[in-house]
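Remarks on the structure that follows.
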Amino acid sequence: MRRPFVSVEGITRRFPGIADAAPQTVFDDLWFGIEEGEFVCLIGHSGCGKTTILNILAGLDRADGGAVVVAGREVDGPSLDRAVIFQSHALLPWLTAEGNIAFAVRSRYPHWSRARVAEACRHWIELVGLTGAGHKRPAQLSGGMKQRVGIARALAVSPKILLMDEPFSALDALTRGTLQEEVNRIVAETKLTAFMITHDVDEAILLADRILLMTNGPEAKIAEVVVNTLPRPRTRHDVHHLPGYYELRNHIIDFLVDRARRLRGAMPPQWSARAVPEVRPAAAAAT
Amino acid sequence: MRTTRPLASFALAALLFALFVGAWQLSSSSGTGSGEMADPEYAALVGAAAATGGQTPFPSPIEVGARIWAHIADPFYVRGTNDQGIGVQLGYSLARVLAGFSLAALLAIPLGFLIGMSPLLYGALNPFIQVLRPISPLAWMPLALYTIRDSSVSSIFVIFICSVWPMLLNTAFGVASVRREWLNVARTLECGALRTALRVILPAAAPTIVTGMRISIGIAWLVIVAAEMLVGGTGIGYFVWNQWNNLSLSDIVTAILLIGVIGMALDQILAVATRAVAYQE
């Protein structure tokens, strides 16, 4: 069998029970893949282990069973090839915006001269639209600007994969929209492979090629893979006018409000963890 | 916070000071008054007040002021071992405090780093720290004198032992409570242990570490006076005790004031350092 670029193969994660309680299985035997250059979103309710999955992909956490294979090599720790954009931006508050980006640049290119690092920082600051704010510290930046620095820091290490843990959930709707467009543009331009956790359905439809739907935890499962057949390039202004958009959106929302809970204990008989069924709600409506 | 008016605060402070000095002047001028004169030779030997059986009067603010002025005008004279300028004595004390404090920082900050990063080490060393920390540093003095056999080095050791604990505990606490996500950033950037320690943990813990240093230097300055009273020889503590033996209260008041001023200066230096390493989350 051909392996996808990122291949998640039967990972399991258990958290030890408190006191004498039995260990809690967050998820068990999880399989999915991400092709090179593909944008995959994972949607599920809080507590289903989404962040844990991302941390395992990043190498920050370890699975209790199974493995993650990236480009033919098993993940055994964090790597500069897999950049993370954290939900809480996680900027170092004692460094300026430029200092935070420079810290990442120097991690990737330790032999670069001071001038070359500064040049690279200017480039990334410009790319994420922060020109003129490079000398400010995180505390002086708005939430959206902080996350822009977070995005620039992740991109500055020239990663192969971009991992995003609800990067826009702490932002107001207007800022979130602008940043979604920026990420959409940057990922399309750089052809990065991207994996994003979200619980915003519109965000997933705008950005993702495929959307993984997760049931509620504990023992969460990927119930379905929704293939987003809406044509690219998509923008926030026109995506909801595309034929099939509402079928796609309704399908995901139906899942979240009802089936995510119902399916938890009782998956349909044709479902299998290793070959999760794919659905194309938008394609059916468009034809 | 309400707006403060620095000028008004200053005026009130000046008024309070004037009231205090005024009350002091009044009470010290009314108490004196024994006309009876004893044998002049005896009086010359033991002091006029002792010869008449009276008490040495508490000095008036004017007498103390004159004494302070005399000390400040010539702070660094040396006329034999027992008669040295107040600046020289303060210099001895400061040198001991800085030596003991620096040694303590050299040990406590790296060790605190290790304890903060390793729960195993923390668990192993914590019982020792908890038992040793509440011991009055002066209780170590006899052991120090017995083993070191040098009074000056012994007082440096006492300063070391009293300033080591706040720095050790604050460093360990600061290092242990570095935000998980900052460490995760360092991990995803594949920073080595040294780079993570110097570029992430140290700046993140710096405000807590410097606060520990500020507490330590405060304690060290408190303890040096008592330590020098005990071992004698030189230093501001010895000076105070010597002047008590001379019954020279003006000199003692002068020393008390200068101890306060130097202590404040030490604290302010570290307050500036705290501001320099502070960051806003």
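Mind checking B:187-196 for the average number of partner chain beta-carbons within 10 Å of each residue's beta-carbon? Walk me through the numbers on the way to the answer.
Details: counts 7, 19, 15, 9, 4, 1, 0, 0, 4, 0.
That average works out to 6.
Helix-only arithmetic for chain B: the sum of -39500 (n - 2.57) across DSSP H runs with n ≥ 4, divided by the residue total, places the mean residue ellipticity at 222 nm at -25000 deg cm²/dmol.
Fewest first, what order do A:163, B:132, B:266, A:54 take by the number of other Cβ atoms within 10 Å?
Values: A:163 26, B:132 13, B:266 18, A:54 22.
Placing the least packed residue first, the sequence is B:132, B:266, A:54, A:163.
Kindly state, as a whole number, the per residue volume in cubic angstrom of the convex hull around the alpha carbon atoms of the protein assembly as shown.
On the way: hull volume 140.1 nm³, N = 568.
Here the figure is 247 Å³ per residue.
Computed from the C-beta positions of residue A:88 and residue B:16 and an R0 of 41 Å, the FRET efficiency is 0.25 to the nearest 0.05. Its Kirkwood hydrodynamic radius, worked out from the mean inverse distance over all distinct Cα pairs, puts the range A:49-174 at 15.3 Å. Of all lysines in the structure, the ones whose alpha carbon falls short of 20 Å from that of residue A:221, not counting any fewer than 8 places away in one chain, are A:50. Sorting B:196-208, A:120-132 by average packing, meaning the other beta carbons within 10 Å per residue, from highest down gives B:196-208, A:120-132.
What fraction of the Cα pairs in the range A:1-108, stated in percent, has a spacing above 23 angstrom? Of all Cα-Cα pairs in the range A:1-108, 39 percent lie more than 23 Å apart.
Please give the average number of partner chain Cβ atoms lying within 10 Å of the Cβ of each residue in A:32-39, rounded to a whole number. Don't jump to the answer; show the numbers that get you there.
Numbers: counts 0, 0, 0, 0, 0, 0, 0, 0.
Per residue, the average neighbour count from other chains is 0.
Count the DSSP beta bridges whose two residues both fall in chain A, then state the antiparallel fraction as a percent rounded to the nearest 5. In chain A, approximately 50 percent of DSSP beta bridges are antiparallel ones. By other beta-carbon atoms within 10 Å, ranking A:79, A:142, B:152 with the fewest at the front produces A:142, B:152, A:79. Listing A:114, A:234 from fewest to most neighbouring C-beta atoms within 10 Å gives A:114, A:234.
Per DSSP helix of 4 or more residues, -39500 (n - 2.57); summed, then divided by the residues of chain A. What does that give at 222 nm, rounded to the nearest 500? The partial results should precede the final answer.
Details: 8 runs with 89 residues, N = 287.
After summing the helix terms and dividing by the residues of chain A, the value is -9500 deg cm²/dmol.
In the range A:147-270, Cα pairs under 8 Å separated by at least six residues give a relative contact order of 21 percent. Basic side chains Lys and Arg get +1 at the Cβ, acidic Asp and Glu get -1 at the Cβ, and with that the dipole of the range B:156-228 about its Cα centre reaches some 280 debye. Here is the P(r) of chain A: all C-alpha pair distances, binned every 5 Å from 0, give 1, 5, 12, 16, 17, 16, 13, 10, 6, 3, 1, 0, 0 in whole percents. The slack in the chain from residue A:24 to residue A:274, taken as 0.36 nm per residue of separation less the alpha-carbon distance, amounts to 87.8 nm.
Please give the per residue volume of the convex hull enclosing the alpha carbon atoms of chain B, rounded to a whole number of Å³. Don't jump to the answer; show the numbers that get you there.
Numbers: hull volume 54.7 nm³, N = 281.
It is 195 Å³ per residue.
All of the numbers you see were taken from the coordinates with simple rules; none came from a lab. The structure presented is a predicted model; accordingly, all values stated were derived computationally and were not measured. Note: ideal-geometry Cβ built from the backbone for every residue, glycine included; neighbour counts use all protein chains shown.
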